[in-house]
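Taken together, the values in this text are just the output of simple stated rules run on the coordinates, not laboratory data. It should be emphasised that the depicted structure is a prediction, and the values quoted were computed from it without experimental measurement. Methodologically, a virtual Cβ is constructed for each residue, glycine included, from the backbone with ideal geometry; neighbour enumeration extends over all protein chains shown.
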Amino acid sequence: MGELTNPDSSPAQRPEEIRADELRSELRRHEHLYYVLDAPEIDDAEYDALMDELKRIEAAHPELLTPDSPTQRVGGKPAEGFKKVRHSRPMLSLDNAYSVEELADWDRRVRELAGLLPVEYVAEFKMDGLSVALRYEPTAGGGSRLTTAITRGDGQTGEDVTSNIRTIRSVPLIISTDQLKKASLPQAFEVRGEAVMPEAAFLRLNEEREQQGLPAAVNPRNAAAGTLRTLEPKIVANRRLDFYAYFLLVKGEFWQQGQRATLDALDSLGFRVNPLRKLAGSVEQMMNFTNHTEAERATLGYEIDGVVFKVDSHATQQRLGYTGRAPRWAIAYKFTAKSGITQVNAITVQVGRTGKLTPVAELTPVFIGGTTVSRATLHNADFIERLGLLLGDWVRVERGGDVIPKVVEVIADSEHPRGTKPFQFPTECPECKSAVVRVEGEVDYRCVNADCPAKLRESLLHFGRRGVMNIEGLGEAVVQQLLDNGLVHSVADLYKLTEEQLTGLERFAEKSARSLIEEINRSKKAGLARVLMGLGIRFVGERTAELLAQEFGSIEALAAASAPELERVEEVGPRISQAILEFFADKENRDLVKRLADAGVNMTAEKKQRSAQLAGLTFVLTGMLPTLTREEAKAKIEAAGGKTAGSVSRKTSYVVAGEEAGSKLDKAHQLKVSVIDEAGLLALLEGPSANG
Ligand code: IVH
């Protein structure tokens, strides 16, 4: 499969040693293709099969295990704390510009100081993560390996987070002699760049945290920082951090060849480097880059908070030098902050559809990023405590995209005196005055009253929401009217509404009445996953609802499922299964489901054929598998919709090879049919692997 390119190999190698080297270099190549270039050549199962083969060789021959083996990304032991390490040279910060004028001022100063030296800028993204320094040191064979990864810390000294950084697949653990030669680099060097949490990973993290009843992480940067300081590398590996490289240092000095060559060299060493970097010769070109980037910002898949311009020439950089905190030869142009400072006048408490109480800050209206903000969520009682928020405090409020504004910090300085009164979380529901409780281990308080009017109102609003049953026109005012007139007592009653009833209501014209009824009728076809979300079962969000719908295919099947059956579904643990069981154990909920069914609401979904995982694939078994007998393997393949055949042909999808595999294996190689082992087969049976 792979070429033999291990620089460390000595002439007298054993076959397993050769194979291990081969596998390592193959795995590295595929990791680079997948994680850095986004251009995989093989699928997850094949990658896993290679990884498993290597793991097996290393387990059988521990002396062959190298610390930079791809198997060791997650192998690191939990740290007991982080060792402090001094930086080779201080990790400085950047000066900021917030307007064209400030950028033009900076450009003028740079040109003055540069004298006759060349001034051209490299334009990069300002990734919103944390900077990390990676030290690479010589290997015996002439290459380099990652030895230490250090956080920025106070700039002078950071924390050793090597085992965590190792789990980032886009960070090369080893660099070959050839690569060093190509980049004209010595064996010892340092790479600096930004560790970030991609948006998808961030959303997934918060979904998980919500399901576990934990408060949401505030933003990807905090989540990335928290992740890097996690003592358990396995958790870090799961979070899917990424690393973008932007500096190269040799002997503690920035690389002589300048910034543009630095980024190209990093690229050729296998690091992820921003592909959209550009050269800019003037303020106008810098502004073009800025505007273009800001327009693309939402589509990048990770957060950036501005752009950075760096003088390209190393000689010019040296001439310009540093202020105490930042290089004079670089500047960050920050995108207009979408935050503002205002005062908290009161804290009100809202009751959600599950009875959850959410504190909301009532603010002196403040203009942020194009809209007036007068309320912002405070999440829960713990959040208020963590902020140390008092009534009357000044706070910074942030608004990102179309999300709800949130309070991020308390401001306290000479212009912003502290408030005085601490907030008392209510002991009774603000809507129905029933008691509120906080379940052990959860952050939220809830109203205990099943008939709390707030719950019904919020349930109706939730039911009609976009992404749920998507009933356009079922907004707050309409819901309130329906409730005030006693027209609905549960979401099922929506389907009994008539045009006449609606036109009888205040401010309801015939046309809007008709279109609301049409919308309600249309929603009957939304399907099981949407209905499950609409029902508001605790912890069942969009993704879980989708997975449950695919697994069970109908609401009857779901309602009849036992805890172990529920937990067979990916991402469903005891907490979620418990919530589902409780939901269907409640007679009122069962009645509600029945009434929805009677109203003609479709509560079925296309069932994902669990058994069709291997549909269309043909397998040939050969040799002795480590745990399965031939018959068992065959039965498993067939149960999953696959076929088995006796001989290898071009139509064979996979040859499953065990020990002492013979001519069939040769035939597979000859015909370039994929060969997997038992672990590879089991991975295929399990479905898309976590490696994706
Ligand atoms: S250069 C000595 N380049 O922004 C120069 N920094 O506000 C400092 N950052 O601490 C680093 N993207 O964490 C540089 N393309 C980029 C960057 C970048 C994000 C971060 C970095 C730095 C902070 C300064």
From the Cα centre of region 25-66 to that of region 540-576, the distance in Å is 33
Under the 7 Å Cα-to-Cβ spin-label approximation, Ser268 and Glu137 lie apart by a distance in nanometres of 2.7
Stretched fully, the stretch from Arg111 through Glu442 gains (0.36 nm per residue minus C-alpha distance, one decimal, in nm) 113.4 nm
The Cα radius of gyration of region 580-676, divided by 2.2 N^0.38 Å with N its residue count, comes to 1.77
The alpha-carbon pair-distance distribution computed for region 567-613, with 5 angstrom bins and whole-percent values, is 5, 16, 15, 19, 23, 15, 6, 1
Honestly region 350-476 on the Cα gyration tensor test (a ≥ b ≥ c root eigenvalues; a/c under 1.5 rounded, otherwise a/b vs b/c for prolate or oblate) is just oblate
With only helices counted (DSSP H, runs n ≥ 4, each -39500 (n - 2.57)), the per-residue ellipticity at 222 nm for the chain, to the nearest 500, works out to -10500 deg cm²/dmol
Taking R0 as 41 Å and r as the Cβ-Cβ distance between Arg386 and Leu92, the FRET efficiency 1/(1 + (r/R0)^6), rounded to the nearest 0.05, comes to 0.85
The simple spin-label model distance between Glu102 and Lys433, using points 7 Å out along Cα→Cβ, in nm, is 5.4
Taking R0 as 35 Å and r as the Cβ-Cβ distance between Glu565 and Val218, the FRET efficiency 1/(1 + (r/R0)^6), rounded to the nearest 0.05, comes to 0.45
Bounding extents of region 162-287 in its principal axis frame from Cα atoms, largest first in Å, are 51, 41, 22
Region 133-164 and region 647-680 have their Cα centres apart by a whole-number Å value of 41
In whole percents, the bins of 10 Å from zero upward hold the Cα-Cα pairs of the chain as 3, 12, 18, 21, 20, 16, 9, 3, 0, 0
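Per 0.36 nm of contour for each residue apart, how much would the distance between Glu409 and Arg229 grow if the chain were fully extended, relative to their Cα-Cα spacing?
Length gained between Glu409 and Arg229: 62.6 nm.
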Rounded to one decimal in nm, the spacing of the 7 Å Cα→Cβ label points at Lys594 and Thr323 is 7.4
Note: probe point = Cα of Leu581 + 7 Å toward Cβ; backbone nitrogen < 20 Å; residues of region 423-443 passing the test are 439-442
Taking 0.36 nm per residue of separation between Glu362 and Thr377 and subtracting their Cα-Cα distance, the length gained on full extension comes to 4.5 nm
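Fewest first, what order do Cys452, Cys429 take by the number of other Cβ atoms within 10 Å?
Cys452, Cys429
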Between Arg543 and Asn288, Cβ-based FRET efficiency (R0 25 Å, step 0.05) works out to 0.05
As straight-line cross-link partners of Lys587, the qualifying lysines (C-alpha separation under 27 Å, not fewer than 8 residues apart within one chain) are Lys356, Lys433, Lys455, Lys496, Lys524, Lys525, Lys607
